[in-house]
Structures are given as structure tokens and as C-alpha cells.
Amino acid sequence: MTPTPLSDTDIIVAAWLATNPTEAEPGSYPKLLYNVNLPPVLVHTAEEEHNMGSAWRPVNLLAPDGPLPDVPPVTIDPTSAAVSAAGGSGTFHVTIDGPGISDTWTATTDAGADWLTVTPDTPQSVDGDVTYTADANLGAERTANINVNGKTFAITQAAGV
């Protein structure tokens, strides 16, 4: 069996791990920096880190939550909305707050909330807006959630006539 060749990212991460980062003092070098749109980069000095810019953040394997999660943590703003019985649209903003193995977020509605649609409905790798549209409601008040990487945006729609 032929081994799978290492990618450039694998080599960079392996080089960083070889420095035994679990024993490094906070703020010491080398550091592994990530940007959700690019492969990780190993930096050796504060000047290199500064020159990378604010879009690059250090990977912290010693974070209270442990190793990298499958999806990055996100914040959503606002976290809820009310929609009239006639239906309508709105938006909320998603901000990526840290690293994740996939480096993406996806907005999905609750199962059974066929009266509610969201866009984008494909994985996203940068901060952005989610647009939702609720169909007209002819029955009782209803609620649904839009889920983004473990965060919930709640929608309540007024009862129809």
C-alpha cells in the first residue's frame, strides 16, 4: 500500500507540533496562525505575526474547549425575530469567532419548517448574512429555528386569519 503524500498544510502543522507547543509559554514562538480562507502558516517572530494582519489568528490547542471542533464557533446577531402573518423576509449576521476543522458555517432550518427558507444554504467560509423568508401563515402562531454551527436564531410568526 502506498502512503498518501503529505499536503503543504500537513507539513506546516507537523513542523509546529514538533516544537511541542503544549510546553510553550503563552505568546511565545513559533506560532501556528490560521485564516478561514487560507492554509495555516507557521510564524517565528512577533514581526512576522504582525505583518500577517488581523485576519490571522493563533491556533490554541490548549483552549478550554480542547482540540479544534468540527465547525468553527460563530456568533449571530440578532438572535430572534418576529414575522407578521402575511409573511416576509429578514436577515441576521454570522461572525466566525475561531477555528474549526471545516472552517465553514451553514444555516439550516428545523425539520418540518417548510414555510421558512434560508439563503445561503451552502457552507460559507467568511462572515456574512443569512436571509430568511417566511411564507404567509393562515393558521395558528408558529415558531421555527435557523441553526448555524450550534447557535440558534428563533423566528415566531403571528397567527393568520
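A short reminder: the numbers here are calculations on the coordinates, not readings from a lab. Quantities reported herein were computed from a predicted structural model and do not represent experimental measurements. Ideal geometry is used to build each Cβ from the backbone, glycine not excepted, and the neighbour counts take in all protein chains shown.
Quick look at the numbers
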{"quantity": "Nonlocal amide H pairs with Val71, under 5 Å, H built at 1.01 Å", "calculated": "Ile101, Ser102"}
{"quantity": "Nitroxide proxy distance, nm - points 7 Å out along Cα→Cβ at Asp97 and Glu47", "calculated": "3.6 nm"}
{"quantity": "Residues Thr122 and Val161, FRET efficiency given R0 of 30 Å [Cβ-Cβ distance, rounded to 0.05]", "calculated": "0.25"}
